[in-house]
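To keep things clear, I will list the structure first and then write my remarks on it.
The values are calculated or read from the model by the stated rules, or taken from the named source; none is laboratory data. Keep in mind it's a predicted model, so treat the numbers as computed, not measured. Glycine gets a Cβ as well: all are built from the backbone with ideal geometry, and neighbour counts include every protein chain shown. Heavy atoms of the whole protein, side chains included, go into the accessibility calculation; ligands, DNA and RNA do not. Shrake-Rupley method; radii C 1.70, N 1.55, O 1.52, S 1.80 Å.
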Amino acid sequence: MPVVILISGNGSNLQAMIDGMNRGEIPIEIRAVISNRPGAYGLQRAAKAGIPALVVDHKQYADRVSFDRALRRTIDTHMPDLVILAGFMRILTPDLTEHYAGRMLNIHPSLLPEFTGLDTHARAIAAQRQEHGASIHFVTADLDGGPVIARSRVKIDDTDNAESLAAKVHAKEHILYPEVVRLYAEGRLSCKDDQVFLDHQRLDTPLDIS
Ligand code: GRF
């Protein structure tokens with residue numbers, strides 16, 4: 001399945017996807033990696049893997065609408081069946097999310113619907129949660145609010161701080177995201193009317209891939 005991956009930074013989730021693809025575990029062809037930040041380390045990861053590494057710099061555009069138009073043009077040049085947001089730190093306009101409805105995934109570092117937005121690790125600790133984790137969801141206009149497909153849990157220890165917790169969650173993300181992309185690429189996942197379907201059965205609760 002042709003995919004395009006959007007990043008803004010380090011790209012460790014991108015790397016997990018590249019590795020899974022190269023090992024033959026995920027039936028995808030990464031046609032391009034696009035970053036909104038020219039210095040994103042993930043661009044080097046893509047180039048090293050022989051994948052076109054492109055920049056659509058949001059600072060070059062007057063507003064969100066014109067940036068999203070340019071982004072969409074660049075994505076669609078590569079004709080992906082799936083767009084994977086992997087640490088892509090831009091809020092997308094409803095026009096863009098509508099265009100990719102049911103074929104755009106995002107990873108968020110919390111057990112959604114808890115802790116949408118930023119600083120999730122520190123917020124989970126401050127709220128004295130015993131568990132935290134990461135979630136994969138279909139992207140809708142609702143920020144971090146689209147239908148959740150799967151989650152991965154970690155235990156919060158008394159000794160954890162935001163940094164140590166982030167590291168634990170990251171390690172889980174690298175298993176969770178490739179697994180969900182594999183299911184999608186095998187044609188087993190879909191989204192209709194804000195509901196997730198796995199093998200044509202409606203998913204009542206997100207999959208637990210811990
Ligand atoms: C991940 O923690 C992901 O959940 C969040 O951004 C981070 C990206 O990390 N959306 P990386 O760039 O894949 O290393």
Ranked packing of 75-84, 145-154, most packed first, by mean Cβ within 10 Å: 145-154, 75-84
Which value, in Å² rounded to 10, gives the accessible area of Val55 with a 1.4 Å probe and all protein chains present? 70
Report, to the nearest 10°, how far helix 162-185 tilts away from the longest principal axis of the Cα atoms in the chain, using its own Cα long axis and a range of 0 to 90°. 60
HN-Hα J in Hz across segment 102-115 - Karplus 6.51, -1.76, 1.60, θ = phi - 60°, x for Gly and Pro: x, 9, 9, 10, 9, 10, 10, x, 6, 8, 4, x, 6, 6
Excluding residues fewer than 8 places away in the same chain, name every one of the lysines whose C-alpha is closer than 29 Å to that of Lys155. Lys168, Lys172
Using Cα positions and a limit of under 20 Å, work out the aspartates and glutamates in reach of Lys48, with same-chain residues fewer than 8 apart set aside. Asp19, Glu25, Glu29
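For segment 1-76, what's the relative contact order in percent, using C-alpha pairs closer than 8 Å and at least 6 residues apart?
Numbers: 111 pairs, mean separation 22.5, N = 76.
Normalised by residue count, the contact order of segment 1-76 is 30 percent.
More than 22 angstrom separation, counting every C-alpha pair in the chain; what % is that? If you can, show how the numbers build up before the last one.
On the way: 10424 of 21945 pairs.
Taking all Cα-Cα pairs of the chain, the fraction more than 22 Å apart is 48 percent.
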Considering only DSSP beta bridges with both partners in the chain, what is the antiparallel share in %, to the nearest 5? 50
For the chain, what is the calculated [θ] at 222 nm in deg cm²/dmol (nearest 500), taking -39500 (n - 2.57) for each run of four or more DSSP H residues and dividing by its residue count? -10500 deg cm²/dmol
Relative to the longest principal Cα axis of the chain, at what angle does helix 12-22 sit, 0 to 90 degrees, rounded to 10? 70
D for segment 157-210, whole µm²/s, Stokes-Einstein with Kirkwood Rh over alpha-carbon pairs at 37 °C and 0.692 mPa s: what number? 252
How large is the accessible surface of Leu203 in square angstrom, using a 1.4 angstrom probe and rounding to the nearest 10? 30
Euclidean distance between Cα centres, segment 147-210 to segment 41-108, Å: 21
For Lys192, list the aspartates and glutamates whose Cα falls under 20 Å from its own Cα; do not include residues on the same chain fewer than 8 positions away. Asp81, Asp95, Glu98, Asp142, Asp144, Asp204
Compute the accessible area per residue over the chain, keeping the other protein chains in place, probe 1.4 Å, unit Å². 49
Can you list the HN-Hα couplings for segment 49-63, worked out from phi with the Karplus curve (6.51, -1.76, 1.60; θ = phi - 60°), rounded to whole Hz and with x for Gly and Pro? 8, x, 9, x, 10, 10, 10, 10, 7, 4, 6, 8, 10, 5, 8
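Give me the percent relative contact order of the chain, please, defined on Cα pairs under 8 angstrom at least 6 residues apart.
Relative CO of the chain lands at 19 percent.
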